[in-house]
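Undergrad: Just passing along the structure, written as structure tokens.
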Amino acid sequence: MFGIYGQEQVQQYNGRALGENPPHLFAIANLAFAKMLDAKQNQCIIISGESGSGKTEATKLILRYLAAMNQKRDVMQQVSPPVSPGP
């Protein structure tokens, strides 16, 4: 879809601060994901607009980004050695 919502863009926005890259749905999704992990609280993204403005497609793209970030996080946790508690 326009070549701006692929895996390359997922990587471009992953872990970046808001404003570090050009405006994009993935920038907002990344911020919500990072805040959720940091604060350990649910986050909400409000998508509004007129009928036919692309709200459903935007939601699908954000969910796709969040799924990719969660999958990457799961893989990293499986690869990382367990942290043993201190004495």
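Undergrad: Looking at this structure, is Arg64 at pLDDT below 95, assigned to a loop (DSSP other than H, G, I, E, B) and surrounded by 14 or more Cβ atoms within 10 Å (Cβ to Cβ)?
TA: Spelling it out, it is not the case that Arg64 is at pLDDT below 95, assigned to a loop (DSSP other than H, G, I, E, B) and surrounded by 14 or more Cβ atoms within 10 Å (Cβ to Cβ).
Undergrad: Which condition from (1) open to solvent by 100 Å² or more (accessible area, probe 1.4 Å); (2) modelled with pLDDT under 95; (3) hydrophobic (A, V, I, L, M, F, W, C) is the one that Ile46 breaks?
TA: Only one criterion is unmet by Ile46, namely (2).
Undergrad: So, in the range 24-36, exactly how many residues are over 8 Å from the mean Cα position of the chain (by Cα) and either within 14 Å of Leu61 (Cβ to Cβ) or touching a residue at least 12 places away in the same chain (Cβ under 8 Å) (or both)?
TA: Selection size over the range 24-36: 2.
Undergrad: Looking at Asn30, Asn21, Asn42 in this structure, which one is among the polar types (S, T, N, Q) and part of a helix (DSSP H, G or I)?
TA: One residue alone meets the criteria, Asn30.
Undergrad: Restricting to the range 1-43, and then to whatever is on the phi < 0 side of the Ramachandran plot and of a type in the set (Lys, Arg), can you tell me which residue is surrounded by the fewest Cβ atoms within 10 Å (Cβ to Cβ)?
TA: So the residue we want is Lys35.
The values are calculated or read from the model by the stated rules, or taken from the named source; none is laboratory data. Since the structure is predicted, the reported quantities are computational estimates derived from the model, not experimental observations. Don't worry about glycine lacking a Cβ; one is built from the backbone with ideal geometry, like all the others, and counts go over all protein chains shown. SASA here: full protein model, heavy atoms, side chains in, ligands and nucleic acids out. Shrake-Rupley method; radii C 1.70, N 1.55, O 1.52, S 1.80 Å.
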